[in-house]
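Visitor: Can you keep this structure in mind? I'll have questions shortly.
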2 protein chains.
Amino acid sequence: MAPDRNRRRIPDATVSRLPVYLRILSEQSAAGVDSISSEGLAELAGVNAAKVRKDLSYLGSYGTRGVGYEVDYLVYQVRRELGLTHDWPVVIVGAGNLGQALAGYGGFGERGFPVAGIVDVDDSKVGSVLGGVRVRHIDELPQIVATKRVNIGVVATPGSAAQEAADLLVQAGVTSILNFAPIVLTVPRSIEVRKVDLAVELQILSYHEQRRAGGVIHAVPATPPRSATA
Amino acid sequence: MAPDRNRRRIPDATVSRLPVYLRILSEQSAAGVDSISSEGLAELAGVNAAKVRKDLSYLGSYGTRGVGYEVDYLVYQVRRELGLTHDWPVVIVGAGNLGQALAGYGGFGERGFPVAGIVDVDDSKVGSVLGGVRVRHIDELPQIVATKRVNIGVVATPGSAAQEAADLLVQAGVTSILNFAPIVLTVPRSIEVRKVDLAVELQILSYHEQRRAGGVIHAVPATPPRSATA
DNA sequence: TGAACTTTGTGAACGTGTGCACGAGTGCCT
DNA sequence: AGGCACTCGTGCACACGTTCACAAAGTTCA
């Protein structure tokens, strides 16, 4: 009878902001704040108040006019919408520099994404313990995914191994992938992929720095290296 | 006389794709490919061919109709537009798990962002060497920024220290910040900030997993915890 | 009770990004 | 030289995202 409040499709832009709201709301809750206005939340999140209201309105009408939003209740609703009512174990492929840092970074488990396993192809890495989890051989990936009910895989390999890692994850039954390797992964359409690429971020900053500097280049070749043709 | 080809404003969406094109073009160049069509580049970048053409058209008319784009020339132009004709030294604040991984990750220097220094508040970390760079005390930050002409700072501290780290970076003269801490940084408007937040990415994946599962929650409280009021 | 005040929820306008479709330019082949 | 095949560059329409502005709904206080 309640007209199916859950099945609304939430815009991507909103989904990407909900985690930010959630963190802020959790902090406020911990600080003993009971209620918060869209204005206050917007301030803390660094966005426009109207945007906050519109974003939250996709979850339903959980505010109280004249008052604001009850923090704890909103935390509950955002968590529910993001599927954070239970843990999502993740498996990390690649125990190199990055994989080690990710495993060692406690924040994963704390935020509901416990590390169910780390795997690597390199036998010399297998057996060592990172952040309380033993590194296993990549052949054990399917078993880990199956027994620990893992839906999310993290690709932390060098670029050259990333596509293979992704293929193995998909084969093992993972349906979402967080990719740290600097390549474009090719996966079935049904698999959700998100990419984190440090080089891209730095290059975007570089663009703005260069632009700030007036677009002046320190040593411009008079003739661009137009080689072929002619 | 040439009507000022450089001052065009390039859309953000395009700027964020240029690094991807650049990496692919560089790979193609290394593989001995001379020329590439928008179709071919689009395929490799996982985007639409029209989008590639429109993106590249913001740089100028560097393609040849009937043929495609000369790879090396396009690499040159994209690098120029992104300000990658010279190195941008970066300074990392925070020598914890993440800071260590970032310093140890060779990819930084290779891609034109050499690590000019790593600093930390913790004296016990000062002096150790990470990825060939010695960890220094944060008090030395201004000196590092000034002598190494650093424009880009990386915040790799825990969330609780991140705002302070950002303040110190800004004070020291940095104008762009890459933030790995899970908080919203407050900085002067003129400072460019980009954020990389693992928890946010995982929570976005969680949303899609939850949605895939039909929005069913394993154990829904019959009554949401609406506490106050009443 | 009722009036003044506060803050939500949302329609509407605007701005940005995407993708089609096609004209225009280039190379190749006869 | 002329025609054909190919691919770029871009105008246009549509989709998506953001922001404004205001009615609706609730609270507070006399």
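Visitor: Take the alpha carbon atoms of region A:67-89, find their center, do the same for region B:64-131, and report the distance between the two centers in whole angstrom.
Guide: 37 Å
Visitor: Here's something else I'd like to know. Based on Cα coordinates alone, diagonalise the gyration tensor for chain B, multiply each eigenvalue by 5, take square roots, and list the semi-axes in whole Å, largest first.
Guide: In descending order, the three semi-axes are 36, 30, 18 Å.
Visitor: With a 10 Å cut-off between alpha carbons and a GNM built on chain B, which of B:Ala49, B:Ala213, B:Ala172 moves the most?
Guide: Answer for the Gaussian network model of chain B: B:Ala213.
Visitor: Please figure out what share of the DSSP beta bridges in the protein assembly as shown is antiparallel and state it in percent, rounded to the nearest 5.
Guide: If I count the DSSP bridges inside the protein assembly as shown, around 25 percent turn out antiparallel.
Visitor: Given N residues in the protein assembly as shown, what is its alpha carbon radius of gyration divided by 2.2 N^0.38 Å?
Guide: Rg over 2.2 N^0.38 Å, computed on Cα atoms: 1.04.
Visitor: List the equivalent ellipsoid semi-axes of region A:1-71 in whole Å, largest first, each obtained as the square root of 5λ for an eigenvalue λ of the Cα gyration tensor.
Guide: Semi-axes, largest first: 20, 15, 12 Å.
Visitor: At q = 0.16 Å⁻¹, what base-10 log of I(q)/I(0) does the Debye formula yield for region A:132-183 when every alpha carbon is treated as an equal point scatterer in vacuo?
Guide: Results for region A:132-183 at q = 0.16 Å⁻¹ read -0.43.
Visitor: Still on this structure: Quickly estimate the mean residue ellipticity at 222 nm for chain B, helices only: each DSSP H run with n ≥ 4 gives -39500 (n - 2.57), and the total goes over all residues, rounded to 500.
Guide: -12500 deg cm²/dmol
Visitor: Would you mind giving the mean number of other chain beta-carbons within 10 Å of the Cβ of each residue in A:131-138, as a whole number?
Guide: Taking the mean over all residues of the peptide, I get 0.
Visitor: At 7 angstrom along the Cα-to-beta-carbon line, where would the label on A:Asp123 sit relative to the other copies? Give the distances in nm, shortest first.
Guide: From this label point to the equivalent ones elsewhere in the assembly: 4.7 nm.
Visitor: Distances from A:Arg65 to the same position in the other copies: list them in nm, one decimal, shortest first, using label points 7 Å from Cα along Cα→Cβ.
Guide: 5.9
Visitor: If packing is taken as the average number of other Cβ atoms within 10 Å across a peptide's residues, how do A:90-99, B:106-115, B:120-129 rank, most packed first?
Guide: Ranked from most to least packed, the peptides come out as A:90-99, B:106-115, B:120-129.
Visitor: Calculate the mean, over all residues of peptide B:38-50, of how many other protein chain Cβ atoms lie within 10 angstrom of the residue's Cβ.
Guide: Average neighbour count from other chains, rounded to a whole number: 1.
Every number in this text was worked out from the coordinates using simple rules, so none of it is lab data. The model shown is predicted, which means the values in this text are computed figures rather than measured ones. Note that each Cβ is placed from the backbone with ideal geometry, even for glycine, and that neighbours are counted across all protein chains shown.
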